[in-house]
Amino acid sequence: MSAVTESTSWRRVLSPTGNTGDAVFRSLMFLVALFMVGIVVAMVLTLAADSMLSIRLFGFSFLKSQQWNPIQGDFGALPFIYGTVASSLIALVISVPFSLGIAIFLVEQAPHYIARPVGFLVELLAAIPSVVYGLWGIFVLAPVLRQYVQPALANWLGWIPLFRGSITGIGLLTGGIILAIMITPIISAVVRDVLTAVPGTQREAALALGATKWEMIRVVLVNGAPGIAGAVILGLGRALGETMAVTMVIGNRPEISLALFDPSYTIASAIANEFTEATGDLHLSALVELGLILFLVTFVVNGIARVLVWNVTRKSGGVGRAA
Amino acid sequence: MTNYSNSDRMRRASSAVMTSLTALCTFLAVGALLVILFYIAWQGIGSLSLQFLTDSPRPVGEGGGIGNAILGSLVLLLISSVFGLPIGICVGVYLSEVGRGRLAGVVRFIVDTLTGIPSIVTGVFVYAILVLPMRHFSAFAGGVALALIMVPIVARTTEEMLKLVPHSLREGALALGAPQWRMTLGVIIPAAAPGIATGAMLAIARVSGETAPLLFTAFGSRFFPTSLNEPIASLTVQIYNYAISPYDEWHAQAWAATLVLMTLVLGINIIVRFLTRRRF
């Protein structure tokens, strides 16, 4: 206990009790928190500053240009934006039905003694490092796609422009499939939280009115729709920023092609591949500008996701899951 | 089956179909996990040996190993934990115990933002602020990049664990005359310590699998680490380099290195799950 408790103004401000130890403790914690805020602000400023060279030279045409020519110093982000968005969309299309199915099974159908270990196993999919997925993609998934899946798709569905391109097993489709496997545990984990947060009274009401199991589940899904949307968007945010697994299986060719079997290039892959070998300041600045674009896009996407998911899980008092 | 109309039977049938589909989805997901894990074990076990685990890389055809990469990963984990864990825990304590109103909202928003930043962007940032001024890659820069990824994870779990401590403990400490810092350090944190420790372990497991931020901070090396100011090898970057090489021998080494990495990552995850199991 401090012997002299005269209210020195700075002590009162820092701590409601006027205790010196409290003032020191609270200001120390505050400074650390402020430091982290400063780091993130510094991150944005650094990215902006280092891409200034490229921004000043290209302006908005950077976003529309399809040229990526380090030798002539002409850079454009469109192929990478296309690759990033396309691979993430493919991943969502494949992953969302599976993730929903998994979450519904674990929350509504499985008995406790199955749900807990199986849920743990699904979450383990999220613990596998990205580079391991890439390794598995190169040596297991790509050959399977090349030998069985892609020829079959080209045979049966080749009249659709999507299912054409070079059948090498490496390309946009492979990248999308790997991403789908990687984001499934995240989406299903958040949807599980969302479904658990739906009040039991809704289920009981549906069943009391004579609904079958699936009809009751549909009621629950409608209830949790905003949260499910948030989970999907969270998965999208994760897929947009994924680097290593995609770099290893997407082919890394900066060209826009509608054919899913053709190679593509994402923003993160471009940075990973070319950063250490960038020829000149303009090249490096263009890569940093790509990083800035990726940062802003994932920032917005994650922000939307968080708003949707928080509203659903905080209401019921559940703790939000770390993304 | 008396007097059921056709529409009733349709509804039952579609319900049965859909519920089996969800079970199928789960079965496929678990199956995918097991396939991946068994494949890693099957491919990797062939190249594992004591020599592999202790040697440094050699040119193709001469064997070599991942000893320096394992050591490098441990060094990077150590550096990132030294920076990341204290800062993360302090931020968590701030958000849970100290923060008030608007300011705490801003901090929480920033921490959430940091969670969602792609790790390659973190690597670019650390490159700009550490590697460029120092004019060389370093283990230190790699550790800082990993710490930046670690902080938001640790902060989040610390905050959640601290919030789970019952209010009666706080009220008891305050009623006995403890100032807030004494209450937090002496009562609340020890009470939440197991949760905070598991959060730290999960963050370490997550960070040990990161590759992208290391690509241009720690960069990679073929030698055993001698100083923190030099580039350093790591398990993940080594796997990446071997995987995209054209040599079968290096591919086999990549699988074996993956087996080592997966043992570490899965081991931590399973231990954490075991420690946090409910005993009801």
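The values are calculated or read from the model by the stated rules, or taken from the named source; none is laboratory data. The model shown is predicted, which means the values in this text are computed figures rather than measured ones. Reconstructed Cβ throughout: ideal geometry from the backbone, glycine too, with neighbour counts over all protein chains shown. Side chains are part of the model used for accessible areas, which takes the heavy atoms of the whole protein and leaves out ligands, DNA and RNA. Shrake-Rupley method; radii C 1.70, N 1.55, O 1.52, S 1.80 Å.
Things to note:
- With only Cα atoms counted, the stretch B:79-226 has Rg and Dmax values of 17.7, 60 Å.
- Rounded to the nearest 10 Å², the accessible area of residue B:22 at probe 1.4 Å: 10 Å²
- J(HN,Hα) series, the stretch A:29-46, from Karplus relation 6.51 cos²θ - 1.76 cosθ + 1.60, nearest Hz, glycine and proline x: 4, 5, 4, 4, 5, 4, 4, 5, 4, x, 4, 5, 4, 4, 4, 4, 5, 5
- From phi via Karplus (6.51, -1.76, 1.60), per-residue ³J(HN,Hα) for the stretch B:103-111 in Hz, x at Gly/Pro: 4, 5, x, 5, 4, 5, 4, 5, 5
- Computed on the stretch A:37-164, with alpha-carbon pairs under 8 angstrom and 6+ residues apart, the relative contact order is 8 percent.
- Between amide H atoms placed 1.01 Å from N, distances below 5 Å from residue A:212 occur with no residue 5 or more places distant or on a separate chain.
- Between the stretch B:175-233 and the stretch A:120-176, the Cα center-to-center distance that results, in Å: 35 Å
- Using the alpha carbons alone, the radius of gyration of the protein assembly as shown stands to its Kirkwood radius in an Rg to Rh ratio of 0.99.
- Most fluctuating residue given options A:134, A:59, A:38, as computed from a GNM of chain A linking Cα atoms under 10 Å: A:38
- Inter-chain neighbour count for A:279-292: the average number of beta-carbon atoms from partner chains within 10 Å of each residue's beta-carbon is 2.
- Cα centroid separation, the stretch A:248-306 to the stretch B:34-99 (Å): 26 Å
- Net lengthening on full extension, residue A:28/residue A:201 (0.36 nm per residue, minus Cα-Cα): 57.6 nm
- Using just its DSSP H runs of length 4 or more, each adding -39500 (n - 2.57), the protein assembly as shown gives a mean residue ellipticity at 222 nm of -22500 deg cm²/dmol after division by all residues.
- Take every pair of alpha-carbon atoms less than 8 Å apart whose residues are at least six positions apart; their mean separation over the length of chain A yields a relative contact order of 24 percent.
- When the alpha-carbon atoms of the stretch A:34-187 are used, the pair Rg, Dmax equals 20.8, 63 angstrom.
- For the stretch B:172-189, 3J(HN,Hα) per residue [Karplus equation, 6.51 cos²θ - 1.76 cosθ + 1.60, θ = phi - 60°, Hz, x = Gly/Pro]: x, 5, 5, 5, 7, x, 6, x, 4, 5, 5, 4, 5, 6, x, 10, 5, 5
- Amide H contacts under 5 Å for residue A:74, placed H, 5+ residues apart: A:69
- Protein accessible surface hidden between A and B, which excludes ligands and nucleic acids, total in Å², probe 1.4 Å: 7000 Å²
- The stretch B:1-126, relative contact order [Cα under 8 Å, separation at least 6], %: 9 percent
- For residue A:196, solvent-accessible area (1.4 Å; no DNA, RNA or ligand), Å²: 100 Å²
- Alpha carbon Rg of chain B, scaled by the compact-globule rule 2.2 N^0.38 Å: 1.30
- Alpha-carbon centroids, the stretch A:43-106 and the stretch B:123-164: separation in whole Å: 23 Å
- The H on the amide N of residue A:252, modeled in the peptide plane, is under 5 Å from the matching H of A:264, each at least 5 residues off or on a different chain.
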